[in-house]
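The values are calculated or read from the model by the stated rules, or taken from the named source; none is laboratory data. Remember, predicted model here, so these are calculated numbers, not experimental data. Please note: Cβ atoms are built from the backbone with ideal geometry, for glycine as well, and neighbour counts cover all protein chains shown.
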Amino acid sequence: MDITLKQGDSDTLTETITGLDSLATYSAKLYIKTKDGVALDTITGTIDTLTITYEIVNDHSKLYAVTTYAYETKIWDASDHVYTTSYGDFIVQAALENDPT
């Protein structure tokens, strides 16, 4: 699944996990990297039952260059069970106005 975001916009990404009974002992992160693997941003997810919410804020996204990055989300528990739950292109498009204030 690809994610598209206008440069400078805030966004809330929600992911529902299947195949597990609970995420009570899990942590979650969204990793955004250049196509060469250089880290751009890491966002910690908020977990509620089997739903994870990632908040992208303006302070971060206004610094993203207009280009296509790669992303993946990972969840893991204390026993080191790690799962990549989604991945794809993270596309940042130019905005007509980055900060309307």
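Could you tell me whether GLU97 is of a type in the set (Asp, Glu) and over 16 Å from THR16 (Cα atoms)?
Criteria met by GLU97.
I'd like the full set of residues that are exposed (fewer than 11 other Cβ atoms within 10 Å of the Cβ), of a type in the set (D, E, K, R) and in a strand (DSSP E or B), limited to region 34-85.
Residue satisfying the conditions is ASP48 alone.
In this structure, is VAL57 within 17 Å of SER10 (Cβ to Cβ) and in contact with a helix residue (DSSP H, G or I) (Cβ under 9 Å, 6 or more places away or on another chain)?
When the stated conditions are applied, VAL57 does not pass them.
In this structure, does ASP41 turn out to be touching a helix residue (DSSP H, G or I) at 6+ places or on another chain (Cβ under 6 Å), at pLDDT 95 or above and closer than 20 Å to ASP2 by Cβ?
Working: touching a helix residue (DSSP H, G or I) at 6+ places or on another chain (Cβ under 6 Å): yes; at pLDDT 95 or above: yes; closer than 20 Å to ASP2 by Cβ: yes.
The answer is yes for ASP41.
State whether the residues of region 72-81 include one that is of a type in the set (Gly, Ala, Ser) and at pLDDT below 95.
yes
For region 81-89, check the following and say yes or no: at least one residue is more than 18 Å from ASP2 (Cβ to Cβ) and charged (D, E, K, R).
no
If you check TYR54 against the conditions, is it modelled with pLDDT under 95, of a type in the set (Phe, Trp, Tyr), on the phi < 0 side of the Ramachandran plot and touching a strand residue (DSSP E or B) at 6+ places or on another chain (Cβ under 6 Å)?
Spelling it out, it is not the case that TYR54 is modelled with pLDDT under 95, of a type in the set (Phe, Trp, Tyr), on the phi < 0 side of the Ramachandran plot and touching a strand residue (DSSP E or B) at 6+ places or on another chain (Cβ under 6 Å).
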